[in-house]
Amino acid sequence: MPELEQYAIAYTSFARGGPGVSLALTKDFQSFERFGVIMPPEDKDAALLPRRINGYWAMIHRPVTSLGAHMWISFSPDLRHWGSHKIILEARRGGWWDANKIGLCSPPIETSQGWLMIYHGVRQTASGCIYRLGLALFDLDRPDVCLQRGDSWMFGPEAPYERGGDVSDVVFPCGQTIGVDGDTIRLYYGAADSCMAMATGSIRSLLAWLDSHSGPERTTSR
């Protein structure tokens, strides 16, 4: 986070009440300032936007509530006190690939067109759940506004190490690096909850895919 000259780590921590979101800051990955739990159970799949939005820090996360398992955004003036909670992307209903639950994967990527988010969706089938990846694009200055959402998934378990393992049929990104060209993306993901893998792609290609597989979303913020 350039303003703080530190890295922010949003991570899942566990207590008797279930998983929650915790936060830590570090300059060197040797010593850490722990903020503790900032989003209480049940919550996970969190990431901070790297800069303030209209004077506030913004965090994407996925609480499980009576409304379901949807993606939310919350804002904070100091990284400790959070409010203005809103749903920004809902799990779809029916036979969609992301009908059961959704959540953020790797941190959002800032592009000239908006915040590009890679998110996971879970579909329940007779033989178990399938975790696949889709794309959504959010407004740069209003990250609670979804501009586009892919109609289909764009990355799913296909290789043997993705299809079979401790939890079969799972691809779940945990982070990415962007090449010096500003376009090459290396996506690091868990495969079948048994190993880590890497996929290489292009941010321009992801945005082009989204253009051809989506219409205006204009999510309903709550």
Of the residues in region 14-28, how many are loosely packed, with under 15 Cβ neighbours inside 10 Å, not in a loop (DSSP other than H, G, I, E, B) and not β-branched (Val, Ile, Thr)?
3
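Every residue, every condition in (1) crowded, with 20+ Cβ neighbours inside 10 Å; (2) modelled with pLDDT of 95 or more; (3) touching a helix residue (DSSP H, G or I) at 6+ places or on another chain (Cβ under 8 Å), yes or no:
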{"site": "Trp153", "(1), (2), (3)": "yes, yes, no"}
{"site": "Pro157", "(1), (2), (3)": "yes, yes, yes"}
{"site": "Gly175", "(1), (2), (3)": "no, no, no"}
{"site": "Ile178", "(1), (2), (3)": "no, yes, yes"}
{"site": "Ser194", "(1), (2), (3)": "no, yes, yes"}
{"site": "Ala197", "(1), (2), (3)": "no, yes, yes"}
{"site": "Thr200", "(1), (2), (3)": "no, yes, no"}
{"site": "Arg204", "(1), (2), (3)": "no, yes, no"}
If only one of Trp72, Trp97, Trp82 is surrounded by 18 or more Cβ atoms within 10 Å (Cβ to Cβ) and touching an Asp or Glu at 6+ places or on another chain (Cβ under 9 Å), which one is it?
Trp72
Just a yes or no: is a residue in region 78-87 at pLDDT 95 or above, out of contact with any strand residue (DSSP E or B) (no Cβ under 8 Å at 6 or more places or on another chain) and not assigned by TED's automatic domain parsing to the domain that holds Ile9?
no
Look through Ser31, Ser74 and report the one residue that is of a type in the set (Ser, Thr, Tyr), at negative phi and not in a strand (DSSP E or B).
Ser31
Cross-chain or 6+ apart pairs with Cβ under 9 Å, region 34-61 first and among the polar types (S, T, N, Q), then not in a strand (DSSP E or B):
Asn54/Asp141; Asn54/Arg142
Selection count where residues are surrounded by fewer than 22 Cβ atoms within 10 Å (Cβ to Cβ) and over 13 Å from the mean Cα position of the chain (by Cα), scope region 34-56
15
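The values are calculated or read from the model by the stated rules, or taken from the named source; none is laboratory data. For clarity, every value in this text was computed on a predicted model and none was experimentally measured. Here the Cβ is made from the backbone with ideal geometry for all residues, glycine too, and neighbour counts use every protein chain on show.
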